[in-house]
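A.B. asks: The structure follows.
The values are calculated or read from the model by the stated rules, or taken from the named source; none is laboratory data. Treat the numbers as computed from the prediction; the structure is a model and nothing was measured. Quick reminder, even Gly has a Cβ in these numbers, built from the backbone with ideal geometry, and neighbours come from all protein chains shown. Heads up: the accessible areas ignore ligands, DNA and RNA and are worked out on the full protein's heavy atoms, side chains in. Shrake-Rupley method; radii C 1.70, N 1.55, O 1.52, S 1.80 Å.
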Amino acid sequence: MASSAAPSAPRFEHRTEPGRVLGIGTPHPRLSWTVDHAERGWQQTAYEVEIVRDGQPQLFRVAGAEQVLVPWPALPLTSREQAQVRVRVAHGDDWSPWSPAGVVEAGLFSESDWAGRFISPTVVGAIGNPAPLLRGRLTVPGPFRQARLYATAHGVYVPSINGRRVDDTVLAPGWTSYEHRLRYQVYDVTDLIQHGENVVDVLLGNGWYRGRLGYTNDRALYGDRLALLAQLEVTTTGGAVHVLATDGTWQARDSEVLTDDLYDGQTTDLRLRGLDNATAATKTIDADLSRLVAPEGPPMRPTEVLPAHRVWTSPAGRTLIDFGQNAVGWVRLRVSGLPAGTTVVVRHAEVLEDDELGTRPLRSALATDTWVLAGGDEVLEPSLTLHGFRYAEVTGVPGLTPGDIELVVVGSDLRRTGWFTSSHDLLDRLHDNVVWSTRGNFVDLPTDCPQRDERLGWTGDIQVFGPTATFLYDTTGLLRSWLADLSAEQLPDGSVPHVVPDVNRNTLAFTPAAAWGDAATIVPWTLYQRTGDLGILDRQYPSMRAWVDKVSSLAGPSRLWRGGFQYGDWLDPTAPPDDPYQARTDPDVVATAHFARSAGIVAQTARLLGRTDEAEKYRRLTEEVKAAFARAFVTPAGRVLSDSATGYALAIVWDLLPWEAQRHEAGRRLADLVRASGFRISTGFVGTPLICDALTATGHLDIAYRLLLQTQCPSWLYPVTMGATTIWERWDSMLPDGSINPGEMTSFNHYALGAVADWLHRTVAGLAPAAPGYRRLLIRPRPAAELTRAAARHLTPYGEASVAWERAGGQLRLTVRVPVGATAEVHVPGAGAPEQVTHGEHRWTVADPVAEQPAPARDWNDHTVRDLLDDPRMWAAVAAASVASGTTPNDVQAARRVAAFLDLPATAVAEGLAPEDRLPHARDLRRRIADLFD
């Protein structure tokens, strides 16, 4: 705590880093700051912002407690303008010290700011030819103080000045809906400029613009010519600006990169590097500069380097490398002493099968980098491709050692904001796997997978994973950009493509699909809940409303969304490997539930935006859809059509059951379904994020924990026991015998099923937002006997919030940290009414509410079969007896057999397992179970 009434100096959040990310895309940047320390009782009542422009300071004093997304108080910025900003805060007359200054620098706001035009090589650079290198020259006659490079491309580009890479950004400008939005980047290149002549080289690659894209083997979806738009501006000490802009004077030539593709890899002949090849002309091409937008999120770049854990020779004589972690990026390989002309080949895969690279999940993606050496010492590292892999195979390098090779991890350079730990090693590894799948699939936009011939922005995946992603990382800018693409590609009738950007470009791609199209409403709502940014709802509201109106037109007066194409509860584990659509839950149940959910979100959004009439319209629509759902799909006793875990989870969590008795029965039935599955997971993409919440909300926390901590297939922890280091696409992407799932669609890096991590954060650890942007926190940990401790922390917009609890010696100790500017409602486990606390660290010690007691002797005649299943030790013994006697092959079959006997006395379990007592195994089983009851 601070020793005086004044708090510590504020710190700006999301401050730009000069030389790394420049060129904000708005003339009205919003400001956010945090205060690390303040005495209890301190509350911000005013703030001052000092803005220095052209050396002239301006001071703005504002009364109020706002510190997140504060409006820009000064006149709008103009293109290229820089401003230094600092802030201080006050409680009454006590002012904090000034914050360190932050620097904002505007990008180019108008087409007229661009002196350059897109240029394309006239002879080189055609499809199938080497990657072209474009060159321009600029003479700087005198001393200079600043240099900026503005650039974008049709394709991807790698800029260098005077032989040095501009920075470590990769695959710029990234992937957007190029017809509507094309990002440009701004680089601080002051340190690369020299007096006299300066040479600017830009390597162009196919990337998403012209490379292979999508699982239908399409190529050049956006155009068949690569092109560059660049503008180097050097400002002298006297204020003159020297400009090199792309025009017809630039030259082009073939580079040493012979082929490049995101799916297939890169082939490079290093003997061609630096050769003064014949140059070709470039020409300007028509291109709409109004599409140009500044980035909203961080660039892609290397974020970590992983060493090789092991190098060995496979049964087939191949040199294999294990990096110990499934990740996204490329191999960096050091070679020495190999003669010129030597060919080195690097292949990639996520898993091994039969002790060789398991490449079948890649489908048609070659995922191969090839190098022809020039001789001498070389560091081999591609720049125009990406791979998803844990294992690599290298040919052409005899005597390879672990020190020669490493994995360069590449992705959007997102700021980590969320952490979770517990006393359970497998659970912690599961959470680590979720983190790694987030890193591997947030590569400029949220993709489904990073390795095969797909890697697309599937809407359904991010819709279910959004809450987890926004806790773990600051994904706000990345998702705002992606949502802008979604809006741009949404059809006039409100239909949302299944992938964004849309590359399928067919009728099916725009057929409205529940859970997938609902990303238009749910993702903006998630961002608002986690950031408090009402602006994202305001911007996306037309898109959100259009989606709900489209679904409403499909449902008609019945308010039931029935029939037509649906993905349903995609990859329900009961679906056959070759038919993932065949989930247990009726698609109409899934569709109508999502209709109600999205209509409700639009109603709340309209209310927040002050659209009173529309808020009432969508509120009534929501109630009508909920009533229709209950009439069509719910019995008076609370049974939901399909009698599936996903159906009950949707109805419970999204409040689709009108009567409390129905809700109670639905929760009871959901718990029984989990029991009958042997505590294995039975949900797909739709139900998985909701099932633990549904169990918890209806009083079945113990069942939720049994489901969470199950290690047999299918379960969250089964892949961990199989050595997984990322989340799999299927519950059984790898089968227990180590073989790869036979389905055509099998990824080992797919974040959707990791959406349970949100429940770990909110319920196991107990850290959740109670108001948008975490201005109020809900601290409500739900400990269980299986864990002795758990903790979560999150960098909220107000600063770091954390929760940690530990059970020891019959006591539970709870520690909570609330950031300055926020408050918290704390539910201490086992205590009475919740407490309201303000910022600071708070501690409680109470009697352990889940302290394990010696198991009492039970008269099982007084208990039911349900009670028996809920006793983990007793059920394990009964299931083992069933297997040992030959009655059932495993505990899952045992649980299914007794599902109809749950309300009977526990002693009836033998009858449930073996109703025909004349069979030898039945008599053996009954004897074994009788011994257990004695």
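A.B. asks: Could you list all residues from the stretch 533-547 that are open to solvent by 30 Å² or more (accessible area, probe 1.4 Å) and either basic (Lys, Arg) or under 21 Å from the mean Cα position of the chain (by Cα) (or both)?
C.D. replies: Listed by number, the residues that qualify are ARG539, ARG545.
A.B. asks: Go through the stretch 71-94 residue by residue and tally those that are assigned to a strand (DSSP E or B) and in contact with a strand residue (DSSP E or B) (Cβ under 9 Å, 6 or more places away or on another chain). Can you show your working first?
C.D. replies: We begin by selecting, within the stretch 71-94, every residue assigned to a strand (DSSP E or B); these are 82-91, 94.
Then keep just the ones that are in contact with a strand residue (DSSP E or B) (Cβ under 9 Å, 6 or more places away or on another chain); that gives 82-91.
Adding up the residues that qualify gives 10.
A.B. asks: Something else about it: Looking only at the stretch 424-450, filter to residues that are free of Cβ contacts under 8 Å to residues at least 24 places away in the same chain and more than 18 Å from HIS387 (Cα to Cα); which one of those is least open to solvent (accessible area, probe 1.4 Å)? First the steps, then the outcome.
C.D. replies: From the stretch 424-450, those free of Cβ contacts under 8 Å to residues at least 24 places away in the same chain are 425, 428, 447; that's our starting set.
Of the ones still in play, those that are also more than 18 Å from HIS387 (Cα to Cα) are 425, 428.
Working: ASP425: 127, ASP428: 32 Å².
The selected residue is ASP428.
A.B. asks: Give the stretch 676-693 a look and list any residue that's open to solvent by less than 10 Å² (accessible area, probe 1.4 Å) and outside any loop (DSSP other than H, G, I, E, B), or say none.
C.D. replies: Correct list: ILE691, CYS692.
One line per residue, one yes/no per condition, for (1) touching a Pro at 6+ places or on another chain (Cβ under 8 Å); (2) among the hydrophobic types (A, V, I, L, M, F, W, C):
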site	(1), (2)
LEU221	no, yes
LEU228	no, yes
GLN231	no, no
THR235	no, no
GLY239	no, no
ASP247	no, no
ARG253	yes, no
GLU256	yes, no
ASP261	no, no
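A.B. asks: Could you tell me which of the residues THR122, THR152, THR216, THR139 is among the polar types (S, T, N, Q) and under 30 Å from THR26 (Cα atoms)? Step through it out loud before you land on a result.
C.D. replies: Values: THR122 fails: under 30 Å from THR26 (Cα atoms); THR216 fails: under 30 Å from THR26 (Cα atoms); THR139 fails: under 30 Å from THR26 (Cα atoms).
Residue meeting the stated conditions: THR152.
A.B. asks: Could you grab the pairs with beta carbons closer than 9 Å, sequence gap of 6+ or different chains, first residue in the stretch 51-69 and of a type in the set (Phe, Trp, Tyr), second one open to solvent by less than 30 Å² (accessible area, probe 1.4 Å) and part of a strand (DSSP E or B)?
C.D. replies: PHE60/TYR47; PHE60/GLU48; PHE60/VAL49; PHE60/ILE51
A.B. asks: Considering ALA349, ALA367, ALA374, which residue is open to solvent by 20 Å² or more (accessible area, probe 1.4 Å), modelled with pLDDT of 95 or more and either under 30 Å from THR169 (Cβ atoms) or touching a Lys or Arg at 6+ places or on another chain (Cβ under 9 Å) (or both)?
C.D. replies: ALA374
A.B. asks: Follow-up. Could you check, for the stretch 630-638, whether at least one of its residues is open to solvent by less than 10 Å² (accessible area, probe 1.4 Å) and either in contact (Cβ under 8 Å) with a residue 40 or more places away in the chain or among the polar types (S, T, N, Q) (or both)? So that I can check it myself, show each step before the final result.
C.D. replies: First, pick out the residues of the stretch 630-638 that are open to solvent by less than 10 Å² (accessible area, probe 1.4 Å): 638.
Narrowing further to those that are either in contact (Cβ under 8 Å) with a residue 40 or more places away in the chain or among the polar types (S, T, N, Q) (or both): none.
So far as the stretch 630-638 goes, no, none of its residues is open to solvent by less than 10 Å² (accessible area, probe 1.4 Å) and either in contact (Cβ under 8 Å) with a residue 40 or more places away in the chain or among the polar types (S, T, N, Q) (or both).
A.B. asks: Checking LEU609 against (1) surrounded by 17 or more Cβ atoms within 10 Å (Cβ to Cβ); (2) in contact (Cβ under 8 Å) with a residue 40 or more places away in the chain: exactly one of these is not met. Which one?
C.D. replies: Condition not satisfied by LEU609: (1).
A.B. asks: Provide a single number: the residues in the stretch 352-364 that are of a type in the set (Gly, Ala, Ser) and surrounded by fewer than 18 Cβ atoms within 10 Å (Cβ to Cβ). Quick ask: steps written out before the conclusion?
C.D. replies: We begin by selecting, within the stretch 352-364, every residue of a type in the set (Gly, Ala, Ser); these are 358, 364.
Subsequent filtering for residues that are surrounded by fewer than 18 Cβ atoms within 10 Å (Cβ to Cβ) retains 364.
Result for the stretch 352-364: 1.
A.B. asks: Which ones in the stretch 481-528 are in a loop (DSSP other than H, G, I, E, B) and among the β-branched types (Val, Ile, Thr)? Walk me through it before giving the result.
C.D. replies: Taking the stretch 481-528 first, the residues in a loop (DSSP other than H, G, I, E, B) are 490-498, 500-507, 511-518.
Once the filter is applied, which keeps residues that are in a loop (DSSP other than H, G, I, E, B) and among the β-branched types (Val, Ile, Thr), the stretch 481-528 yields VAL496, VAL500, VAL503, THR507, THR511.
A.B. asks: Another one. THR845 is checked against (1) surrounded by fewer than 18 Cβ atoms within 10 Å (Cβ to Cβ); (2) part of a helix (DSSP H, G or I); (3) β-branched (Val, Ile, Thr) and fails just one. What number does that condition carry?
C.D. replies: Among (1) surrounded by fewer than 18 Cβ atoms within 10 Å (Cβ to Cβ); (2) part of a helix (DSSP H, G or I); (3) β-branched (Val, Ile, Thr), THR845 violates only (2).
A.B. asks: In the list ALA151, ALA131, which residue meets the criterion of being modelled with pLDDT of 95 or more, touching a Ser or Thr at 6+ places or on another chain (Cβ under 7 Å) and open to solvent by less than 20 Å² (accessible area, probe 1.4 Å)?
C.D. replies: Details: ALA151 fails: touching a Ser or Thr at 6+ places or on another chain (Cβ under 7 Å).
The match here is ALA131.
A.B. asks: Could you check how many residues of the stretch 569-581 are within 21 Å of the chain's Cα centre (by Cα) and either closer than 21 Å to SER495 by Cα or open to solvent by 20 Å² or more (accessible area, probe 1.4 Å) (or both)?
C.D. replies: 2
A.B. asks: Any idea how many residues of the stretch 715-738 are touching a residue at least 24 places away in the same chain (Cβ under 8 Å) and open to solvent by 30 Å² or more (accessible area, probe 1.4 Å)?
C.D. replies: Looking only at that region, the number is 2.
A.B. asks: Next up: Looking for whichever is closer than 18 Å to LEU656 by Cβ and touching a Gly at 6+ places or on another chain (Cβ under 8 Å) here; the options are VAL590, VAL602. Which one fits? I'd like the intermediate steps shown before the answer.
C.D. replies: Working: VAL602 fails: touching a Gly at 6+ places or on another chain (Cβ under 8 Å).
Being closer than 18 Å to LEU656 by Cβ and touching a Gly at 6+ places or on another chain (Cβ under 8 Å) holds for just one of VAL590, VAL602, which is VAL590.
A.B. asks: Hey, another quick one. Looking at the structure I just gave you, is ALA46 open to solvent by 80 Å² or more (accessible area, probe 1.4 Å), at pLDDT 95 or above and more than 35 Å from the chain's Cα centre (by Cα)?
C.D. replies: Values: open to solvent by 80 Å² or more (accessible area, probe 1.4 Å): no; at pLDDT 95 or above: yes; more than 35 Å from the chain's Cα centre (by Cα): yes.
Considered against the rule, which asks whether it is open to solvent by 80 Å² or more (accessible area, probe 1.4 Å), at pLDDT 95 or above and more than 35 Å from the chain's Cα centre (by Cα), ALA46 comes out as no.
A.B. asks: Let me ask something additional. Consider the stretch 503-527. How many of its residues are open to solvent by 10 Å² or more (accessible area, probe 1.4 Å) and over 16 Å from the mean Cα position of the chain (by Cα)?
C.D. replies: Summing the residues that are open to solvent by 10 Å² or more (accessible area, probe 1.4 Å) and over 16 Å from the mean Cα position of the chain (by Cα) in the stretch 503-527 gives 8.
A.B. asks: Select from the stretch 798-835 the residues that are of a type in the set (Ser, Thr, Tyr) and not in a loop (DSSP other than H, G, I, E, B) and write down the one among them that is most open to solvent (accessible area, probe 1.4 Å).
C.D. replies: Ranking the candidates gives THR823 first.
A.B. asks: With (1) touching a residue at least 60 places away in the same chain (Cβ under 8 Å); (2) open to solvent by 20 Å² or more (accessible area, probe 1.4 Å); (3) touching a helix residue (DSSP H, G or I) at 6+ places or on another chain (Cβ under 9 Å) as the list, and VAL335 as the residue in question, which single condition is left unmet?
C.D. replies: (2)
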